[in-house]
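Q: Questions regarding the structure given below will be posed in turn.
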Amino acid sequence: MSGAIAETFRITHTGKGSGTSGPPDGGYDGESSGGGARAIPQRAYFTLVTVAMAAIVMFFMALTSSFILRKGQGGDWEHIRPPALMWLNTAVLLVSSGTIEVARRWRAAGDAQAFHRWWGLTTLLGLAFLAGQLAALRQLSAAGVFLSSNPASSFFYVLTAAHGAHLV
């Protein structure tokens, strides 16, 4: 019996035997042509993106709900003035939303070179956003506003960090 198992393994491993011309469907034939590998169905990507979006929306809704409920409690809420740099960061984020949409359209059109150009620009804008957020947080700390200063500053730091982590 063990000889049959060893023979089956040899046939499966080398892709030879049983009259087939290659590995079974979904197998790897050791060549870079990609032959024999089944494509991942489009619905699998759709499902993954849908589940990820639902999780992200729930996470940010939980933070928003916590923010609203905490703001309504007690008299220790001290409004903080965000640095003006945050407006520039918002503009960078909006522009990057446009560039990633352009990249998506070029990918759908099959132009890999244009897709990579727009994807690269989107990546640079994302890095600029992260750098701007770090600079804004440094401005806040230089002004004496820290994570533990009051509930408003705590939420500001947490929401800013969550957006940065989401972007990464």
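Q: Answer yes or no: is there a residue in the stretch 148-155 that is exposed (fewer than 15 other Cβ atoms within 10 Å of the Cβ), at pLDDT below 95 and on the phi < 0 side of the Ramachandran plot.
A: Checking the stretch 148-155: at least one residue is exposed (fewer than 15 other Cβ atoms within 10 Å of the Cβ), at pLDDT below 95 and on the phi < 0 side of the Ramachandran plot.
Q: For the stretch 111-144, which residues satisfy the criterion of being farther than 25 Å from L94 by Cβ and of a type in the set (A, V, I, L, M, F, W, C)?
A: Once the filter is applied, which keeps residues that are farther than 25 Å from L94 by Cβ and of a type in the set (A, V, I, L, M, F, W, C), the stretch 111-144 yields A112, A142, A143.
Q: Starting from the stretch 35-56, keep only residues that are over 20 Å from H166 (Cβ atoms), then list their pairs with residues that are of a type in the set (G, A, S) whose Cβ atoms are within a distance under 8 Å, requiring at least 6 positions of separation or different chains.
A: Close Cβ pairs satisfying both conditions: G35/G22; G36/G22; G36/G26; G36/G27; A37/G26; A37/G27; R38/G26.
Q: Cβ contacts < 8 Å: first residue outside any helix (DSSP H, G or I), restricted to the stretch 58-80; second residue aromatic (F, W, Y) and surrounded by 10 or more Cβ atoms within 10 Å (Cβ to Cβ), any location; separation 6+ or different chain. Result?
A: As it stands, the answer is I80/F156, since those pairs meet every condition given.
Q: Could you give every pair whose Cβ atoms fall below 6 Å, whose first residue belongs to the stretch 125-146 and is under 11 Å from T160 (Cβ atoms), and whose second residue is open to solvent by less than 20 Å² (accessible area, probe 1.4 Å) and not in a helix (DSSP H, G or I), counting only separations of at least 6 or pairs across chains?
A: If the second residue must be open to solvent by less than 20 Å² (accessible area, probe 1.4 Å) and not in a helix (DSSP H, G or I), the pairs left are A136/P83.
Q: Something else now. Since I100 meets every condition but one in (1) of a type in the set (V, I, T); (2) open to solvent by 60 Å² or more (accessible area, probe 1.4 Å); (3) out of contact with any Ser or Thr (no Cβ under 6 Å at 6 or more places or on another chain), which condition does it not meet?
A: Among (1) of a type in the set (V, I, T); (2) open to solvent by 60 Å² or more (accessible area, probe 1.4 Å); (3) out of contact with any Ser or Thr (no Cβ under 6 Å at 6 or more places or on another chain), the lone unmet condition for I100 is (3).
Q: Exactly one of (1) at pLDDT below 95; (2) part of a helix (DSSP H, G or I); (3) of a type outside the set (S, T, N, Q); (4) open to solvent by less than 40 Å² (accessible area, probe 1.4 Å) is unmet by G120. Its number?
A: (1)
Q: Residues that are more than 28 Å from S154 (Cα to Cα), open to solvent by less than 70 Å² (accessible area, probe 1.4 Å) and either at pLDDT 95 or above or of a type in the set (V, I, T) (or both): does the stretch 103-110 have at least one?
A: yes
Q: I'd like to know if the stretch 12-30 contains one or more residues that are surrounded by fewer than 10 Cβ atoms within 10 Å (Cβ to Cβ), part of a loop (DSSP other than H, G, I, E, B) and modelled with pLDDT of 85 or more.
A: No: the stretch 12-30 contains no residue that is surrounded by fewer than 10 Cβ atoms within 10 Å (Cβ to Cβ), part of a loop (DSSP other than H, G, I, E, B) and modelled with pLDDT of 85 or more.
The values are calculated or read from the model by the stated rules, or taken from the named source; none is laboratory data. Here the structure is a predicted model, which is why all the values come from computation and not from measurement. Here the Cβ is made from the backbone with ideal geometry for all residues, glycine too, and neighbour counts use every protein chain on show. Ligands, DNA and RNA are excluded from the accessible area calculation, which covers all protein heavy atoms including side chains. Shrake-Rupley method; radii C 1.70, N 1.55, O 1.52, S 1.80 Å.
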